[in-house]
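Here's the structure we're looking at; comments come further down.
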Amino acid sequence: MTRKVELKVALVVAGSMIGLAVGSAAAQQDQATTQHALAATPECSNNKGETVRFGNTDSGRAGLAAGMAIREGSGSPRVMRSNFSAAPVEFQQFIDRHECAHHQTGDVDRPHPPRNGPEHLMNESISDCVAIRRLRDEEGFGQASFEKVAAALRSDMAKIGFPASSIASRLRNLAGCFANPASAEDLINSVLQQRGLHNQP
């Protein structure tokens with residue numbers, strides 16, 4: 001599959017996807033008491049070659065892990081991790097790389113599209129795809145680790161209130177990306193080319 005065709009597939013799938021349910025209550029029996037070790041942060045540079053830093057905070061909704069890709073007031077690219085101890089390590093790793101992907105594809109520096117509109121859904125679908133491929137290729141995630149991510153995502157989306165059809169659609173996209181031998185870098189480069197962006201300053 002060529003990069004251009006792969007991107008088109010991602011766009012089509014994204015049309016039936018929901019936005020990222022990055023808030024994570026994690027797939028666990030007792031969210032109120034279970035605490036998980038924090039995953040090591042991944043290497044991350046944006047499409048301009050700037051190093052993306054990660055920060056941790058306990059602010060936000062109790063029991064929900066969340067990530068946010070931003071530029072700080074100083075202009076530095078950053079991923080903010082909130083309540084990460086509420087999520088299993090594998091899902092923390094997924095969230096980190098999903099948010100990193102928003103920097104890698106230039107989303108952070110573009111106008112934010114309307115939430116749950118087609119462009120927003122496309123961005124979330126692409127970031128999911130980049131994240132799961134990085135985990136497969138860089139962290140050695142096999143089927144068992146993939147299933148842990150999928151289980152946490154399925155559980156959390158259901159708890160947040162998303163319909164079963166939306167959950168199934170997102171998980172199909174994730175599984176398809178995981179099974180596709182193309183790399184995360186292949187997809188990132190396709191997106192940057194499509195957007196007329198560059199992956200170096």
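Every number in this text was worked out from the coordinates using simple rules, so none of it is lab data. This structure is a prediction, so every number in the text was calculated from the model and none was measured. Methodologically, a virtual Cβ is constructed for each residue, glycine included, from the backbone with ideal geometry; neighbour enumeration extends over all protein chains shown.
Observations on the model:
- Neighbour counting of Cβ atoms within 10 Å sorts the residues Arg170, Arg133, Arg195, fewest neighbours leading, into Arg195, Arg133, Arg170.
- Computed E for Gln193/Glu72 - FRET, C-beta separation, R0 30 angstrom, nearest 0.05: 0.60
- When Asp58, Asp156, Asp128 are arranged by Cβ crowding within 10 Å, least crowded first, meaning fewest neighbours, the order is Asp58, Asp156, Asp128.
- Rounded to the nearest 20, the size of the Cβ-charge dipole of the range 123-201 about its Cα centre is 260 debye, with Lys and Arg at +1 and Asp and Glu at -1.
- Rounded to whole numbers, the Karplus 3J(HN,Hα) couplings from phi for the range 118-132 are x, 5, 4, 4, 4, 4, 5, 4, 5, 5, 4, 5, 4, 4, 6 Hz, using 6.51 cos²θ - 1.76 cosθ + 1.60 with θ = phi - 60°, and x at Gly and Pro.
- FRET efficiency estimate (nearest 0.05) - Cβ-Cβ, Ser85 to Ser165, R0 25 angstrom: 0.20
- Each of Ala144 and Ser45 was given a label point 7 Å from its Cα along the Cα-to-Cβ line. The distance between the two points is 3.4 nm.
- Taking other C-beta atoms within 10 angstrom as a stand-in for reagent exposure, Met122, Met68 fall in the order Met68, Met122, fewest first.
- Long-range HN-HN contacts of Leu197 with modeled amide H, under 5 Å: none
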